[in-house]
1. Please give the length that would be gained between B:MET345 and B:GLU405 if that part of the chain were fully extended, namely 0.36 nm times their separation in residues minus their C-alpha to C-alpha distance (nm, one decimal).
2. Can you tell me the order of B:420-426, B:125-131 when each peptide is scored by its average per-residue count of other Cβ atoms within 10 angstrom, highest first?
3. Give me the angle, in degrees from 0 to 90, between the Cα long axis of helix A:136-150 and the longest principal axis of the Cα atoms of chain A, rounded to the nearest 10.
4. For the range B:69-177, with the dipole built from +1 on Lys and Arg beta-carbon atoms and -1 on Asp and Glu ones, taken about the Cα centre, which of B:THR129, B:PRO104, B:CYS154 lies farthest toward the positive end?
5. Taking chain A as the reference, fit the longest principal axis to its C-alpha atoms, fit the long axis of helix A:15-31 to the helix C-alpha atoms, and give the angle between the two in degrees, 0 to 90, nearest 10.
6. Under a Cβ-only charge scheme (Lys and Arg +1, Asp and Glu -1), can you give me the dipole magnitude of the range B:57-363 about the Cα centre, in debye to the nearest 20?
7. Over the Cα atoms of the range B:57-363, what Rg and Dmax result, in angstrom?
8. Determine which residues of the range A:274-289 fall in the zone a paramagnetic label at A:ALA251 would reach in this model, i.e. backbone nitrogen under 20 Å from the point 7 Å along Cα→Cβ.
Amino acid sequence: MFPHRHLLGIEGLKRPDIEAILDLAEIYATRNRTPEKHGTALAGLTQINMFFEASTRTQASFEIAGKRLGADVMNMSVAHSSVKKGETLIDTAMTLNAMHPDLLVVRHPSSGACNLLAQKVNCAVLNAGDGRHEHPTQALLDALTIRRAKGRLHRLNVAICGDIAHSRVARSNILLLGTMENRIRLIGPPTLMPAQVDQLGVEVYGDMREGLDGVDVVMMLRLQRERMDGGFIPSEREYYHRYGLDSEKLAYAKPDAIVMHPGPMNRGVEIDGTLADDINRSVIQEQVEMGVAVRMAAMELLARNLRQETGQR
Amino acid sequence: MTVLLTNARLIDPEAGRTYDGALRIADGRIDAVLEGGTEPLPTDQVTDLGGKCLAPGIVDIGVKIGEPGERHKESFRTAGRAAAAGGVTTIVMRPDTTPAIDNPETLEFVSRRANEAAPVRVLPMAALTKGREGREMVEIGFLIDAGAVGFTDCDRVVTDTKVLSRCLTYARSLGALVIAHPQDPGLTAGSAVTSGKFASLRGLPAVSTMAERMGLERDLALVELTGARYHADNLSTAAALPALARAKAAGLDVTAGANIHHLTLNELDVGDYRTFFKIKPPLRSEDDRLALVEAVGSGLIDIISSMHTPQDEESKRLPFEEAASGAVGLETLLPAALRLWHAEMLDLPALFRALSFNPSRRLGLPTGRLSAGAPADLLVFDPDVPFVLDRFKLHSKSKNTPFDEQRMQGRVLRTFVAGVQVFGPAA
């Protein structure tokens, strides 16, 4: 039903795989709004959240998702522990692996780190963001949010705006929205565009107004200042002037276009604060809500495979 | 004592042809080469090669050995055995060791140790600047006297053009060969792969192929200025080739080399972040690879080398960006190069021109030829025998080969250095 052992990226997922996660997540989204939130799909399983990079919302979201489904959840902020003592990623992972976790949720600053881990450990690995590579659960929660707001997840015009080059969210979204047959536009300054990105089946715009013209979905990205070597853009204020989303620029999109942001937001850098809070346009809070549901669904599908593998149903 | 190798398919890169015949070895040299099987030569011992190929031994420019400093990665002994098993009869050793080989005392010590421990010839190169730091030139004169065959800072580019131009000027006065791996250091900084669709999808820091052209153009301008003997090694891009062709046409004393991995692999081989495919400069596009092979065929690129770079498991078992660069290549150089022959892109004399003849000529060595009087540094191989490479069977101490579990064709059967068999079945 979901023929994957790990969730390392959107790459490799087919349309039915994506729909399977979203359909199950939809059920959890409804249930999460009731007082009866608890399930048993992960009962008896151990989930370790291994975060080599600081994170608040993703780590909390995975933790709540695991707990709602009955898993034993442990959080490790590796950014502050053994790595500083010189232990390698593999050694840290092998140490945890020896404690027999079933689900390993990993965030790491290096692209491909989760792929490397998945080759070495026996449990299911979920990528919670690796370098500039992928952030699959973010793309899935974005997809669910779009599907709920627009009633479909195909033949939509979606604009992804900002720092594409350093964004794993952008890569996963390009892959997912492409697989679901949407038209994708990337908008941003050329210094923040990856090389030959036009070969990924997207349209590239350097001008915000042109790029937003007639789109159904506006997806803003965080300007990842901490990732920059410096010198990608002249200044924050010029960036906001040219690429920051405000109601004037948004007016070029369709009248019912929704505004998304993976968070955390830099108000006044990439998005106008009032617009971000506008409940008629912004679905940013719903994205966070869907994050829990999507992670519950993804972990449950992987857990089903785990249980089948070991013969215990 | 004389040894006659009969029933051989001789590959003569100098004459650019192959023919059936026999070859007699006396006193460590080739003393007669015979075409056809008509007139038998008197000899003490006869070895029937059964129609297999006989070629001048490979002279591999740019082999990193872990001594001094990283003997856990490779020693003279293990590198020597790997070379013998790979048909490499002369290792030209890189100075990018820890510490760098940048003074005559170290060079003399290292080359004496190497030649005691390794069954093949080992010739040392020296750093161009002290500590490979790009600030002060080494004692080029003393180092030549001590046996240095070339001067190179390897993958570190001498960024200060004034320093480089003085090094080139001084080297020229002594006739020393300066070898560089040209890249623009600014564009290259922090990169792990070549920029393009693949790099963008994988989210890896990338460098444009333009960096190599910029590095090469800069070096060639300084070569034009100083008249130095210059070898641009480890070229990997199509973008760099026009500059190289212009320099050669202008009559500069310039040659160029390519690494076997860039001739047989491309960026997509990295696949799912496989760090054994992380080399420096990074693997390029298929278009670059094809342009490079064509340049070897036309003679624009003179030399093919393994750029043997041993790395231990720990330094490779890391996320791609953090993993060490480099691949071992002494034993896989020939079977990998034969892929180009099996693909009908290069003939055998052209291959051995790049593997044996040209490097010998560029370094002023008498090897690399199949004619009477040349040293009997030879290899016998079967170009067709298929096998699947098992990296744990390599003789190198480090097993970081990108060809692991790959199907290859062509095996070395015997290797001779100065007429002595150093690899192959006992007589």
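FYI, it's all coordinate maths here, none of it is from the lab. Only a predicted model underlies this, so the values are computations on that prediction, with no experimental measurement involved. Note that each Cβ is placed from the backbone with ideal geometry, even for glycine, and that neighbours are counted across all protein chains shown.
1. Extending this stretch completely gives an extra 19.2 nm.
2. The packing order, highest mean first, is B:125-131, B:420-426.
3. 60 degrees
4. B:CYS154
5. 80 degrees
6. The dipole of the range B:57-363 has a size of about 260 debye.
7. Rg and Dmax of the range B:57-363, Cα atoms, are 17.9, 51 Å.
8. Flagged as within label range: A:274-282.
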